[in-house]
Amino acid sequence: MVAMNEDVADTVMAVRCNMCAANHVIFVKMHDYIEWKNGAGFIQDLMPYLSDADRELLISGTCGSCFDSMFPS
């Protein structure tokens, strides 16, 4: 039997930015990711442990640097 710690991100996702083609690695809890993809809630509610930039990368395929370049503050 394998014990799973629900507080640990158990899945490594490799995501490429659509703007700059840089590769990024994001650690997520697979259950949370599936819930989000199935429309069970907002990404910020289901995966609050991710940074804003990591969540944006999953949502739009745009990394934090490119997002900041497109929308400077």
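Just so you know, all these numbers are worked out from the coordinates, no wet-lab data involved. This is a predicted model, so every value here is computed, not measured. In this analysis, Cβ positions are derived from the backbone assuming ideal geometry, glycine residues included, and neighbour counts consider all displayed protein chains.
Just wondering, is there one or more residues in region 20-32 that are in a helix (DSSP H, G or I) and of a type in the set (G, A, S)? No, that holds for no residue. Within region 37-57, the set of residues being part of a helix (DSSP H, G or I) and either touching a residue at least 12 places away in the same chain (Cβ under 8 Å) or under 8 Å from the mean Cα position of the chain (by Cα) (or both) comprises I43, L46, D52, A53, D54, R55, E56, L57. Kindly list the number of the only condition in (1) exposed (fewer than 11 other Cβ atoms within 10 Å of the Cβ); (2) in a helix (DSSP H, G or I); (3) among the aliphatic types (A, V, I, L, M) that fails for V12. The number of the failed condition is (2). Condition first: more than 15 Å from D32 (Cβ to Cβ) and part of a helix (DSSP H, G or I). Now tell me which residues in region 58-73 satisfy that. Within region 58-73, S60, G64, S65, C66, F67, D68, S69, M70 qualify.
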